Each structure stands twice: as structure tokens, then as C-alpha cells.
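Here is the structure we will look at.
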């Protein structure tokens, strides 16, 4: 019981300090209070605090220096694709610049993944993709939509039959989830992108790599326009 309590405490401290750093409440170069003062401030033991700082150090957010103490590192040193770091960045409404970076990340690998899936998928993988698509089609709430959307994009990566590409999903899952939630919430109709998903599915089913690539690229660009409001402006024009 004592071990579990310690783990819960250091997890809480990790989360709280991580959010402060990523949100900018604690700035790069800023030195954290001395260990005993910070532990008292956060109402945790020094053991729990040390464990939390070790975790944050491994994620590149802080560093300990002799005679200086523990200070916040510059953003370029952060493990940006770490699940916790991504979650902290996406916890509040992400700024436009961060949304743009998520779009760029998707543009790098998802169109290529769709093309590879069209070449390599087997029937079982196609069935998984179809199941995800049908779940999107049947979604009654934005939460159901986002869950099915995640399944769809994971199924595309699995259908590449490239274990390195498949492993990307576990790395970018948090970022994709945040992107899909934001996109769904910014639209009057959270199913606005269903036709693009249909195009990707059909291209993969028909083994048309370039069609799949273009459809996925267009889907991503349309999602960007939706989040920035440009898609709504075009529709109302």
C-alpha cells in the first residue's frame, strides 16, 4: 500500500510540474525551488518529488546542475513525442502554431501510410478498416466519432505491414487524439470528413496507392481548414 501511494504521489507531482513547464508557467532557465521547499509546497515527500524530477529529466523538461539546482530546459530539448508531453501540450486549447505542427507531422507519414496500405493490406486488415469506417458512419456523438476515427487511422498504419510505421501510432496517438477532438469540436457537423475517409477506404480496398495518398492528403488539409475556421468561411462564401 505504501509503494502504491508513493507512485500515485510522484505521478501527481510529475503531472503538475510537467503541465506548469509545458504551459509556460515555469519558463526555460527558471530554477525550481530547493528540494525541501518544493516538497513542502506540493505537500509530498522528498522521495516522491525526487522520483518525479527524475521522470521529468528523462523527458528532457528539467536538468539538475551542481551548485545551481534543478532548472527548466529549453523547449528544443523536450521529448516532444512523449505521450505525457503531448498530453500536457494538448490539455488546454493548443495554439495555432502547435496545431500547424500537428498537421505537418500528419502530412509527413499518413499519406504515405495510406499508399502503402493500398499496396499491402490483406483481407483481415481491410475488414478492420471497414469496421472502423462503419463505426464512424454510425457515431452519434463526437466522442464516439473520435474513438472510431482513431481506430480508422490506426487500421491504416497496421495495413502497411511495416512494423516501424505501425509503432508510430503508439508515439503519436495522444497528438492525433487531441487533433481529432479539436477538429470535431470546431465543426457544426463532426462527421464533415466522412467522405474523405470513405475515399481513403475505397482506394485501399481497390488497391489504388496514389488515390489513397491524395485522399489522405486532402483529408488532412481539410481538417486544418476546419480547425482554423477557413473551411467554414469557404462554405459560407
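The values are calculated or read from the model by the stated rules, or taken from the named source; none is laboratory data. Because the structure is a prediction, the values reported are computed rather than measured. All Cβ positions, glycine included, derive from the backbone under ideal geometry; neighbour counts span all protein chains shown.
Before moving on, here are some points about what is shown:
- For the stretch 40-54, filtering for residues that are touching a residue at least 12 places away in the same chain (Cβ under 8 Å) and in a helix (DSSP H, G or I) leaves 8.
- Picking from residues in the stretch 87-107 that are within 11 Å of the chain's Cα centre (by Cα) and more than 25 Å from residue 218 (Cβ to Cβ), the one that is surrounded by the fewest Cβ atoms within 10 Å (Cβ to Cβ) is 91.
- Subset of the stretch 55-70 that is in a helix (DSSP H, G or I) and out of contact with any helix residue (DSSP H, G or I) (no Cβ under 9 Å at 6 or more places or on another chain) - its residue that is surrounded by the most Cβ atoms within 10 Å (Cβ to Cβ): 57
- None of 81, 9 is within 28 Å of the chain's Cα centre (by Cα), surrounded by 11 or more Cβ atoms within 10 Å (Cβ to Cβ) and either modelled with pLDDT of 95 or more or over 19 Å from residue 175 (Cα atoms) (or both) except 9.
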